[in-house]
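So the structure is just underneath, and the comments pick up after that.
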Amino acid sequence: MMKIATQRVTLDVEDGTSMNAYTARPAEEGKFPGILVFQEAFGVNAHIRDITERIAREGYIAIAPELFHRTGPGFEGSYTDRDAIMPHMKAMKEETQVLDIAAAYDWLKTHPQAVPDRIASIGFCMGGRASFLASATVPLRAAISYYGGGIAPTLLPRAANLSAPMLFFWGGLDKHIPPDQIRSVMDELKRLGKTHINVEISDADHGFNCDARASYNPTAAALAWTLSLKFLDTYVYSHEQKAQVA
């Protein structure tokens with residue numbers, strides 16, 4: 001594992017707003033691929049910051065933008081208080097989220113240590129949907145969605161524009177995402193001939209990757225993380241490639 005450096009940055013978004021983001025990167029010199037890290041509905045909290053740092057330790061420059069920056073800059077909600085997140089969720093618009101994705105992507109692409117054509121995304125819950133949207137709106141090498149609800153039906157018209165192979169994780173016990181939504185996504189990607197991998201972990205619930213949630217499933221989380229790193233290693237930047245440029 002690499003030593004890392006973290007930093008909070010402020011990005012200018014095309015609609016005139018400013019968006020804070022949490023970033024992490026390898027502390028050593030070298031060139032590295034980039035990862036967009038998309039938050040759950042509970043903000044860029046300790047869990048998302050931890051994910052961002054874990055990714056950096058694997059040799060990536062990672063950025064987690066605050067997608068609620070228009071309604072709640074710095075917002076970090078409690079996992080036991082869903083009412084607090086609803087105003088921010090309801091205020092989100094697809095067109096402005098596309099602008100947020102572009103701002104974070106541009107920050108990665110122009111980072112002096114970045115390999116600009118080796119960028120991927122990963123997202124959790126609401127962020128899983130954002131990861132799908134990112135692949136449809138900016139050029140990525142890979143995209144990962146953990147229990148990303150709401151992709152169907154609203155984002156399916158964008159599926160034809162997916163730029164990268166996608167890896168999906170779902171919990172077999174998840175009551176938040178109906179099976180017909182998942183089938184709709186898979187059927188459309190198959191129809192379009194889009195490269196994708198679909199993983200359902202039968203004994204996992206929604207949010208299984210987050211150790212701050214009651215639904216945390218350490219076995220499922222470890223398995224999904226291992227598969228995620230292998231997926232990135234395959235499509236974005238192998239460990240051998242990273243060693244050559246570091």
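Just so it is clear, none of the values below were taken in a lab; they were calculated from the coordinates. Just so it is clear, the model here is predicted, and its values are computed rather than measured. For neighbour counting, all protein chains shown are included, and Cβ atoms are generated from backbone atoms with ideal geometry for every residue, glycine included.
Loop only per DSSP, at most 11 neighbouring Cβ atoms within 10 Å: give me the trypsin sites (Lys or Arg not before Pro) in the stretch 83-127, ordered by residue number. Don't skip to the answer; put the middle values down first.
Working: sites: LYS90, LYS93, LYS109, ARG118; in loops: LYS93.
The qualifying sites are LYS93.
What is the stretch 50-111 by shape, rounded, prolate or oblate, if you read a ≥ b ≥ c off the alpha carbon gyration tensor as root eigenvalues and call it rounded for a/c under 1.5, prolate for a/b larger than b/c, and oblate otherwise? Oblate is the answer for the stretch 50-111, as a/c is 1.5 or above yet b/c matches or exceeds a/b.
Using C-alpha pairs below 8 Å separated by at least 6 residues, the relative contact order for the stretch 4-245 is 16 percent. Computed per residue of the chain from DSSP H runs no shorter than four, each worth -39500 (n - 2.57), the mean residue ellipticity at 222 nm is -11000 deg cm²/dmol.
Positive contributions from Lys and Arg (+1) and negative ones from Asp and Glu (-1), summed over other residues with Cβ under 13 Å from the Cβ of ALA103, come out at -4. Counting Lys and Arg as +1 and Asp and Glu as -1 over every other residue whose Cβ lies under 15 Å from the Cβ of PRO178, the net charge comes to -2.
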